Amino acid sequence: MTVVAFDFDGTLSDSEMTVLLGRQCGVADEMAEITERSMNDEIEYAESLRRRAALLEGLDEEAVAAAFAEVELREGAGALIESLNDAGVTTAILTGGFERGVEAALEREGVTVDHIVSNRLPMVDGRLTGDVEGSLIEGTKDTALEDLATHVGAELEETVAVGDGANDLPMLRVAGLSIGFDPKPAVEPHCEVVVDSMAEVRDTLLAEGVLDRE
């Protein structure tokens, strides 16, 4: 396996960016409800993301920065990414979440990944517009994974996808190895391996020969 692609919210991180942003303007409960319905495949992902972004209209730059400052990697995630990088595996984050939050969390852990495919919340005059931009609104993660594999000269059979929600299903279905991280009920049947910690992701990658045992 030469490419390992992770979802972010709910997988590499137990933070949910839109909920953290929603707390800054008093709509966290509405955010959480929309997120949960989307992850259980009750609402189309693009529609759910647009609804959540609309709730954030007018949020100022300081509040946005404060929300992204709360985004953290899950225990063991940073060390796992470092191990994959050291092993020469291409690492990627494919997320419907937001680039600034992903980058902030990685920077705090002092780790990097080779590729981030994500969305953005545009601002005008220092405030969120209520819109959302990016390739993973209407686009799906299978296309993103296929493009990434082509870019690095790998076959899809050589890829690993790790995710938890309904919007991860496309990449889980096409990857050579699909790992469900505490997956939602609609997602679990499509996962070859189900785990609930980064230690178990590492063990799976060791067993599959993606990482070498020291």
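Here is a yes/no grid of residues against (1) surrounded by 16 or more Cβ atoms within 10 Å (Cβ to Cβ); (2) modelled with pLDDT of 95 or more; (3) over 16 Å from the mean Cα position of the chain (by Cα):
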position	(1), (2), (3)
M1	yes, no, yes
C25	yes, no, yes
E30	no, no, yes
L80	yes, yes, no
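Hey, could you check segment 62-77 for residues that are within 14 Å of the chain's Cα centre (by Cα) and either of a type in the set (A, V, I, L, M) or exposed (fewer than 15 other Cβ atoms within 10 Å of the Cβ) (or both) and say which is farthest from A104 (Cα to Cα)? The selected residue is A77. Evaluated against (1) over 26 Å from E158 (Cα atoms); (2) in contact (Cβ under 8 Å) with a residue 40 or more places away in the chain; (3) among the hydrophobic types (A, V, I, L, M, F, W, C), A104 falls short on exactly one condition, (2).
Scanning segment 1-48 for residues that are in contact (Cβ under 8 Å) with a residue 12 or more places away in the chain, farther than 28 Å from T90 by Cα and aliphatic (A, V, I, L, M) gives V19, L20, L21, V27, M31, A32, I34. For segment 44-61, filtered to residues that are open to solvent by less than 50 Å² (accessible area, probe 1.4 Å) and closer than 20 Å to N167 by Cα, the residue that is modelled with the lowest pLDDT is Y45. When you check A149 against the structure, is it in a helix (DSSP H, G or I) and crowded, with 16+ Cβ neighbours inside 10 Å, yes or no? Against the criterion (in a helix (DSSP H, G or I) and crowded, with 16+ Cβ neighbours inside 10 Å), A149 qualifies. Take the residues of segment 157-214 that are out of contact with any Leu (no Cβ under 9 Å at 6 or more places or on another chain) and in a strand (DSSP E or B): which is most open to solvent (accessible area, probe 1.4 Å)? Per the criteria, the residue is V194. The C-beta contact set for segment 203-214 (first residue hydroxyl-bearing (S, T, Y), second residue surrounded by 14 or more Cβ atoms within 10 Å (Cβ to Cβ), distance under 7 angstrom, 6+ apart or interchain) comprises T204/I179; T204/V193; T204/V195. Here the condition is being free of Cβ contacts under 8 Å to residues at least 60 places away in the same chain, more than 20 Å from E36 (Cα to Cα) and either in the same structural domain as G58 (by the TED database) or in contact with a helix residue (DSSP H, G or I) (Cβ under 9 Å, 6 or more places away or on another chain) (or both); of T143, T159, T129, it holds for T143 alone. Among the residues of segment 58-74, are any outside the structural domain of V160 (by the TED database), part of a loop (DSSP other than H, G, I, E, B) and more than 15 Å from E16 (Cα to Cα)? The answer is yes; a qualifying residue exists.
The values are calculated or read from the model by the stated rules, or taken from the named source; none is laboratory data. The model shown is predicted, which means the values in this text are computed figures rather than measured ones. Using ideal geometry, Cβ is built from the backbone for each residue, glycine included, and neighbour counts are taken over all protein chains shown. The accessibility values were calculated without ligands, DNA or RNA, using every heavy atom of the protein model including side chains. Shrake-Rupley method; radii C 1.70, N 1.55, O 1.52, S 1.80 Å.
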